Amino acid sequence: MDASPILIKMVESPRDWVDCVKFVAELIGPVATAIFAYLILKATNRLEHSQWRNQKLIERRIEAWDKVAERINGIFCYCMRVGNWKDVSPLDVIAWKREVDRNIHIQRPYFSSDFFERYTKFMETCYSTYQGHGVDAKINVVMQNHKTAYSASWLSEWEAMFSGRPSTEDEIKASYAALQEQISRELGTGTE
């Protein structure tokens, strides 16, 4: 047996180079296709996750809004003196503010800063807050309009529940409309 090293010649002729290039070219197509397919799969998975997350966020917003929508509308109706506003007292309207504020602040991370700004503006239009330690918010409407409508059932202690700095009906309508428009965007039902 000969102990001389075995030498393998990779290329013996120019024809061998052509075969080698053809082989590499044939490999490039499938490898590039596999890489491209992997990148598309990864992008698709990211998109699906993003859509799932957005859907869950919208579901959470709907759930949160459902908890407060009726009360917010009730506050609007009371301030504008429309609907069944005479069926509730100023005590109810102040209690509604507390309830809605609590729910909105708990759910705040699920809403945009635009939503929270419009919500705050609506509440500031309807109520005067920070009246002092232990003092409830006051309703920002013309007390006399409400007092006249209640006639015989009006209680004198209700007078202290009005701020004396009423918002105009146009201000109340505008802040409520802005809030409604924003919640439509938040829930994906409005225009962007």
Using just the helices of the chain, give the 222 nm mean residue ellipticity in deg cm²/dmol: DSSP H runs with n ≥ 4 each add -39,500 (n - 2.57), and the total is spread over all residues, rounded to 500.
-23000 deg cm²/dmol
Give me the count of lysine pairs in the stretch 15-186 whose alpha carbons sit under 13 angstrom apart, restricted to pairs 8 or more positions apart or on different chains.
4
Integer Hz, Karplus 6.51/-1.76/1.60 couplings in order for the stretch 120-131, x for Gly and Pro
4, 4, 4, 5, 5, 6, 8, 9, 9, 10, 6, 7
Just for the Cα atoms in the stretch 87-142, what are the lengths along the principal axes, largest first, rounded to whole Å?
31, 25, 18
I'd like the distance separating the alpha-carbon centroids of the stretch 76-114 and the stretch 117-177, in whole Å.
12 Å
Degrees between helix 14-80 axis and first principal axis of the chain (Cα, 0 to 90, nearest 10):
10 degrees
Only Cα pairs within less than 10 Å get springs; with that Gaussian network setup on the chain, which residue of Phe111, Phe36, Phe162 has the largest fluctuation?
Phe36
Candidates Pro30, Pro90, Pro166; GNM for the chain (alpha-carbon contacts under 10 Å) flags as most fluctuating Pro30
Translational diffusion coefficient (Stokes-Einstein; Kirkwood radius from C-alpha pairs) of the chain at 37 °C, 0.692 mPa s, in µm²/s:
150 µm²/s
Mind checking the angle between helix 169-186 and the chain's longest principal axis? C-alpha axes, 0 to 90 degrees, to the nearest 10.
20 degrees
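Here, each number is a calculation from the coordinates, and none is a lab measurement. All values reported here derive from a predicted model rather than from experimental measurement.
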